[in-house]
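*Asks:* One structure follows; several queries about it will come next.
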Amino acid sequence: MTWKNSVCMPTGTFICPAVDDFVAEIDQSKQSAIDAFYITTTEIATKATPEFFDQYGENIAGLLFVGLISATENYFRDILGVILSICPISQIHSADEKIQLGSLLWGPKNLHNRTAFEFMAFSSAKNVKETLQKFTKHTIAQNGGWNAMLDEYDKLCEFRHAVVHSGHIIAGKNAVKLRLKPSRRVMKFKLSYALLQSAARVCTCFVQAANNELFEMLVQRWAVEWRKLPSWTQEQEILLKTIHESFLSKRDKKNKSILNGKSYPDFLDEVKLQFSLT
C-alpha cells in the first residue's frame, strides 16, 4: 500500500466481451430512407414518457436525444447512397471524391454507394450542405423549407456535442454558436419530456423537407438533364419509378398525410405533362 492507492478503488483489468457478441446480422431494409427514419424516431419519442424521465433522469434521456440526431444522420447516408447509385450527374460530379478503403474491403458490394458516407458526419448543417454539394451537385434552395430548418437542426447538433463528448456540459464553442448568455458557472444541457418531443419534431421537419427537395431535384434531372447525356437510353425511363419508390413514405401514404397522394401512374402522367414528355 502506498500513496498511489489513495484516490480510488483498484479494479484490475477486465476483458471486453467478444466483439461478435456486440453485433447481429440483419437483412437489408426494403424501406425508404424516410420510413426507416420514422421508425427509429417514433420509437424514441414514444418510449420516453414523462414517467421515464422521472425514473431514469436526464443522463439516460440524453442518449435518446443523441438517437434522434443519429437517425437523422442515417437518413442522409441512406438517401445519398440511393442518389449516388442512380444519378449520373451525381456520379460525374463526385467521381474524384475519396472514400475509406475499409468500407470497400469489408462492406457488402450492394451497399458500396452508402459506405461512401460512413465516416462523414451529418451532425451539423454545414456538413450536410457541403456533402450534398460534393456528391450530388445540389445546392439547398434558399426559399425552401429545408433551408429554413437548417439553423433549427444545427441548434440540436450543438447540444448533441455536449451529451456525446462532455457529459452534458456545454463547451465554450458550442455556447458561442448557440448565442447563450455568458456565465461564470458551468452550463449543463438539460432535457425534459417536452423538449425531447420538440427535438424529434425538428428532426422530422428537417428530414421531410430534405426528402421533398431531393425528390424534386432527381425528378427534374430525370426529365431534363439526364436526357442530354450520352448515356441516356429509353431503358432509363424505368428509373423514375425507382426514384419515386426510394423517396415514398408508405407510412405517410397509409395515413393519407401526403398532399398529392395519387397513384404512380397518375404521378407519371403529371411529370410527363409538366416537362412536355411523350
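*Asks:* So which of Phe14, Phe22 is of a type in the set (A, V, I, L, M, F, W, C), loosely packed, with under 10 Cβ neighbours inside 10 Å and under 23 Å from Val164 (Cβ atoms)?
*Replies:* Working: Phe14 fails: under 23 Å from Val164 (Cβ atoms).
So the residue among Phe14, Phe22 that is of a type in the set (A, V, I, L, M, F, W, C), loosely packed, with under 10 Cβ neighbours inside 10 Å and under 23 Å from Val164 (Cβ atoms) is Phe22.
*Asks:* Got a number for residues in the stretch 24-68 being over 23 Å from Ala194 (Cα atoms) and touching a residue at least 12 places away in the same chain (Cβ under 8 Å)? It would help to see each step written out before you state the result.
*Replies:* Initial filter on the stretch 24-68 (over 23 Å from Ala194 (Cα atoms)): 24-36.
With touching a residue at least 12 places away in the same chain (Cβ under 8 Å) added as a condition, the list becomes 28, 31-36.
Residues meeting the conditions: 7.
*Asks:* Please state which one of Ile89, Ile79, Ile83 is modelled with pLDDT of 90 or more, outside any loop (DSSP other than H, G, I, E, B), within 12 Å of the chain's Cα centre (by Cα) and surrounded by 14 or more Cβ atoms within 10 Å (Cβ to Cβ).
*Replies:* Details: Ile89 fails: within 12 Å of the chain's Cα centre (by Cα); Ile83 fails: within 12 Å of the chain's Cα centre (by Cα).
Only one candidate passes the filter, namely Ile79.
*Asks:* Turning to a different aspect of this structure: Condition first: at pLDDT below 95, surrounded by 18 or more Cβ atoms within 10 Å (Cβ to Cβ) and within 24 Å of Lys129 (Cα to Cα). Can you find one or more residues in the stretch 173-188 that meet it?
*Replies:* Kept after step one, since they are at pLDDT below 95, are these residues of the stretch 173-188: 173-188.
Checking which are surrounded by 18 or more Cβ atoms within 10 Å (Cβ to Cβ) leaves us with 174, 187.
Those left that are additionally within 24 Å of Lys129 (Cα to Cα): 174.
Yes, there is a match, as at least one residue in the stretch 173-188 is at pLDDT below 95, surrounded by 18 or more Cβ atoms within 10 Å (Cβ to Cβ) and within 24 Å of Lys129 (Cα to Cα).
*Asks:* Scan the stretch 21-42 residue by residue and report those that are in a helix (DSSP H, G or I), out of contact with any Gly (no Cβ under 9 Å at 6 or more places or on another chain) and under 21 Å from Gln208 (Cβ atoms).
*Replies:* From the stretch 21-42, those in a helix (DSSP H, G or I) are 21-22, 33-42; that's our starting set.
Those left that are additionally out of contact with any Gly (no Cβ under 9 Å at 6 or more places or on another chain): 21-22, 34-39, 42.
Correct list: Ile34, Asp35, Ala36, Phe37, Tyr38, Ile39, Thr42.
*Asks:* Filter the stretch 29-44 down to residues that are surrounded by 14 or more Cβ atoms within 10 Å (Cβ to Cβ), within 14 Å of His244 (Cα to Cα) and more than 13 Å from the chain's Cα centre (by Cα), then give me how many there are.
*Replies:* Count: 1.
*Asks:* Is there a residue being buried (at least 16 other Cβ atoms within 10 Å of the Cβ) and among the aliphatic types (A, V, I, L, M) anywhere in the stretch 225-232?
*Replies:* No; the residues of the stretch 225-232 include none that is buried (at least 16 other Cβ atoms within 10 Å of the Cβ) and among the aliphatic types (A, V, I, L, M).
*Asks:* Is there a residue in the stretch 206-221 that is within 23 Å of Gly145 (Cβ to Cβ), more than 20 Å from the chain's Cα centre (by Cα) and either at pLDDT below 95 or surrounded by 21 or more Cβ atoms within 10 Å (Cβ to Cβ) (or both)? I'd like the intermediate steps shown before the answer.
*Replies:* First, the residues of the stretch 206-221 that are within 23 Å of Gly145 (Cβ to Cβ): 206-221.
Restricting the remaining residues to those that are more than 20 Å from the chain's Cα centre (by Cα) gives 219-221.
Checking the rest, the ones that are also either at pLDDT below 95 or surrounded by 21 or more Cβ atoms within 10 Å (Cβ to Cβ) (or both) come to 221.
Among the residues of the stretch 206-221, at least one is within 23 Å of Gly145 (Cβ to Cβ), more than 20 Å from the chain's Cα centre (by Cα) and either at pLDDT below 95 or surrounded by 21 or more Cβ atoms within 10 Å (Cβ to Cβ) (or both), which makes the answer yes.
*Asks:* If I filter the stretch 170-179 for residues that are in a loop (DSSP other than H, G, I, E, B), in contact with a His (Cβ under 6 Å, 6 or more places away or on another chain) and farther than 30 Å from Lys30 by Cβ, do I get at least one hit? Even if it seems obvious, please write down each step before you answer.
*Replies:* Taking the stretch 170-179 first, the residues in a loop (DSSP other than H, G, I, E, B) are 170-171, 178-179.
Next, only the ones that are in contact with a His (Cβ under 6 Å, 6 or more places away or on another chain) stay: none.
Checking the stretch 170-179: not a single residue is in a loop (DSSP other than H, G, I, E, B), in contact with a His (Cβ under 6 Å, 6 or more places away or on another chain) and farther than 30 Å from Lys30 by Cβ.
*Asks:* Among what's in the stretch 189-203 and is in contact (Cβ under 8 Å) with a residue 24 or more places away in the chain and not in a loop (DSSP other than H, G, I, E, B), pick the residue that is surrounded by the fewest Cβ atoms within 10 Å (Cβ to Cβ). Write out each step before concluding.
*Replies:* Quick first cut of the stretch 189-203, residues in contact (Cβ under 8 Å) with a residue 24 or more places away in the chain only: 189-193, 196-197, 199-200, 202-203.
Keeping just the survivors that are not in a loop (DSSP other than H, G, I, E, B) gives 193, 196-197, 199-200, 202-203.
Working: Tyr193: 16, Leu196: 20, Gln197: 12, Ala199: 24, Ala200: 22, Val202: 16, Cys203: 27.
The qualifying residue surrounded by the fewest Cβ atoms within 10 Å (Cβ to Cβ) is Gln197.
*Asks:* So, of the residues in the stretch 233-263 that are of a type in the set (Ser, Thr, Tyr) and farther than 23 Å from Leu84 by Cβ, which turns out to be surrounded by the most Cβ atoms within 10 Å (Cβ to Cβ)? Steps first, please.
*Replies:* Step one: list which residues in the stretch 233-263 are of a type in the set (Ser, Thr, Tyr), which gives 233, 242, 246, 249, 257, 263.
Checking the rest, the ones that are also farther than 23 Å from Leu84 by Cβ come to 257, 263.
On the way: Ser257: 10, Ser263: 8.
Top of the filtered list is Ser257.
*Asks:* Touching a helix residue (DSSP H, G or I) at 6+ places or on another chain (Cβ under 9 Å) and modelled with pLDDT of 95 or more, is that true of Ile170? Walk me through it before giving the result.
*Replies:* Details: touching a helix residue (DSSP H, G or I) at 6+ places or on another chain (Cβ under 9 Å): yes; modelled with pLDDT of 95 or more: no.
Considered against the rule, which asks whether it is touching a helix residue (DSSP H, G or I) at 6+ places or on another chain (Cβ under 9 Å) and modelled with pLDDT of 95 or more, Ile170 comes out as no.
The values are calculated or read from the model by the stated rules, or taken from the named source; none is laboratory data. No experiment lies behind these values; they were computed from the predicted model shown. So basically every Cβ, Gly included, is an ideal-geometry build from the backbone, and we count neighbours across all protein chains shown.
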